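The values are calculated or read from the model by the stated rules, or taken from the named source; none is laboratory data. Keep in mind that this is a model prediction, so the values were computed, not measured. Note: areas computed on protein heavy atoms with side chains; ligands, DNA, RNA excluded. Shrake-Rupley method; radii C 1.70, N 1.55, O 1.52, S 1.80 Å.
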Amino acid sequence: MKTTILAALALTLLPALASAECPFKEKTAMSCPMGQSWDGHAQKCVATSS
């Protein structure tokens with residue numbers, strides 16, 4: 001009985017924990033000023049080379 005309750009609790013909480021990521025963790029190119037693009041490695045906007 002305890003195992004069933006623990007399993008049900010885990011299955012209920014895991015999706016909520018997985019979706020609790022910070023919404024500002026990832027940025028898109030639209031968030032950078034004109035002439036710049038998002039560099040995922042540097043985690044900042046960088047000048048776009050033409």
Subject >> Length gained when the stretch CYS45-LEU6 is fully extended (0.36 nm per residue, less Cα-Cα span) >> reply: 9.6 nm
Original post:
Got a number for the accessible area of CYS32? Probe 1.4 Å, square angstrom, nearest 10.
Top reply: 20
